[in-house]
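To start, the structure under review is shown below, and the notes come after it.
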């Protein structure tokens, strides 16, 4: 005799294939919908190489009355039944069930006490609703959760640490699985201080209509009474109108000084269980907005001092400098000299900047100081010379000239020179 193989419907291709073996042409059986059947008749006699099957490459081993059927082309989106019968004229009965694995799925069974046995391998989609026991729980879900597929049914059993039975758990999870999944397509966004708002994109696995809710945390401070803060607290929800994308918009505060980098953490929140309209997963429901002080991730924030040593005595002034977006595609240097009576708290000058450093040559500032003790306004002008770096490129020295007009009633302009010394902030 030998081995006989018949391959029926493959639910992936929808095609039927009839194979012939060395012994004789195989008998053909009607196929079930959404399955692929492999019929193998194993007789305890001379061994021959099995024929290849459409959609499944099958290798069968017979040893000491034990049969190994290796479905080498199984799929992780499927599960498989092994059924057997002692005769082609009688119904096949289930022997075992296994999940597919994008590779080898190995069935093992015994021929004892029968002298010969016919086997049938059936393939089903894992997301299908087939239930061999008709107990309201899909077979694929049972295999994923370690429940018996062929009986006895555990649909009404309440598992440990749960308050509902397996059928209710299955129905809840199935209902949730049918909902749109809300997630952040990117989990990190970087913005530079000075932008009016930041928009965080949200995606859905299918069309969604309803209210998406979220919560904010992080090191950034929301604006409140008496507190400037870094952002304006949004309402915490956004309505999505039958779409697969949405945006969470957070207004940012226009900060006038330079401080540490801060972050806003956005976490999607799901509605209470029982009234959920979308679902979330822990690995894609959190995104972070980094609010940075400089346009450059490295060599973009500097600290140092501004000192005048010739012509004018203005004292030493601590300085922080950050690269910020200017008009168009330009970059400006924002200098924070908080508390300076002549220059104000902050001012910006033109700069030629890159990740390798900066050049302030040609930068200028004009400022008018009013409400002076002597009743006259002061006209302050600041000019920057060519920036020089030391040999290790870590210290930047720029000559600075300052002139003051209106200091005396004569109208004479006084000037002085000094240096701006800066180093990258650690």
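Of note:
- Difference of contour (0.36 nm per residue) and Cα-Cα distance, residue 327 to residue 361: 10.4 nm
- The range 220-332: mean projected area of Cα convex hull, nm²: 12.4
- From largest to smallest, the equivalent ellipsoid semi-axes obtained for the range 117-188 from the alpha-carbon gyration tensor read 27, 19, 10 Å.
- Share of pairwise Cα separations in the range 139-257, more than 18 Å, in percent: 66
- Taking the fewest neighbouring Cβ atoms within 10 Å as the starting point, the ordered list for 323, 394, 117 is 394, 117, 323.
- The ranking of 145, 134 from fewest to most other beta carbons within 10 Å of each one's beta carbon is 134, 145.
- For 374, 166, the sequence from fewest to most other C-beta atoms within 10 Å is 374, 166.
- Taking each residue as 0.36 nm, the span from residue 171 to residue 263 lengthens on full extension beyond its C-alpha to C-alpha distance by 29.1 nm.
- Share of Cα-Cα pairs in the range 301-424 lying beyond 27 Å, as whole percent: 19
- Normalised by the number of residues in the range 57-206, the mean separation of alpha-carbon contacts (under 8 Å, six or more apart) gives a relative contact order of 16 percent.
- Residue 102 versus residue 277: modelled label distance in nm, points set 7 Å from Cα along the beta carbon direction: 3.5
We did not get these values from a lab; they are worked out from the coordinates using the rules stated. These numbers come from a predicted model, not from an experiment. No Cβ is skipped: glycine too gets one built from the backbone with ideal geometry, and neighbour counts run over all protein chains shown.
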